[in-house]
1. Taking amide H positions as placed in the peptide plane 1.01 Å from N, state which residues far from Leu187 in sequence (5 or more) or on other chains have amide H under 5 Å from it.
2. Evaluate the distance, in nm, between pseudo-label points positioned 7 Å from the Cα of Met84 and of Leu111 along their respective Cα→Cβ axes.
3. Take Ala171 and Thr230, extend 7 Å from each Cα along the Cα→Cβ direction, and tell me the distance between the two endpoints in nm.
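Read-outs throughout are calculated quantities, based only on the coordinates presented, and are distinct from any laboratory measurement. Note that the structure is a prediction, hence the values are computed from the model and not measured. Please note: Cβ atoms are built from the backbone with ideal geometry, for glycine as well, and neighbour counts cover all protein chains shown.
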Amino acid sequence: MWHTSKGDRTLVGAEAEVAAHAVDTMVDALTNFIDDDGTNDDWDNISVFCESGVALYDELPPTRRIALLREVASHLLSDTSSLMPLSAYAEAAVAAIYVEVRDQVAIEIDLFPAGFEAEDRSDDPEENVTWRELVLSAYAAVHSQDADGGATFAKNVSEPLLDLPDPFCLAIERWEPVIDSLADAVLWDRDFEMAGDFLDAEPRVSQQRRRLLGIDDDYFASIAPDPIGTEVFRLISETRSIVRSKPR
């Protein structure tokens, strides 16, 4: 359960599917930078291969990113008994998830501009769904008046509907507003982008700024989880179990 901009809810259906695919892809990439003893490896190259552009998320080593993604995925995609407290790190991770969606759409446009060719197609039809189709399905679910899974929040969405690209559109700039809309349906706001300004300020100044903007005291103070040793491999397994239980 997540405290989203559209109310307290769990992502379901196509909206959950696109987020789950993104987290799965992110964890797979991060796993390549972890040694057998669970320590972070090749720190120099992670910025090349796993950079999201979300500063607060990118500053974390691979093990902590995985631990954070596990917490976020659990609350976004599972009907947990309690809400995950919103923090700068938690919302930065959510933002990074949708950056991953954008990046995968861009990669797909380069590699499979017209969708999967016959030799690239799987015997399982669900494996042949493109990222672009996932994004369109998620957008339709978020903005449908009759969204499946009880997503009644859709009736209160006030933003005008976008002029959607077709499933084989090759212009990434047409896809970016659609993906941003998906992120905005989850993110409470983007206060996490101001983390540096608050963390570098004197405590008194930081407190005054938070009160002025209505930001909870713990929002920037909460830290990302830090797994010990091989605990990270359990977190990898648990995260995959969560995201791969969603329709694929």
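1. Residues meeting the amide H criterion: Ser5.
2. A separation of 2.6 nm, rounded to one decimal place.
3. 5.3
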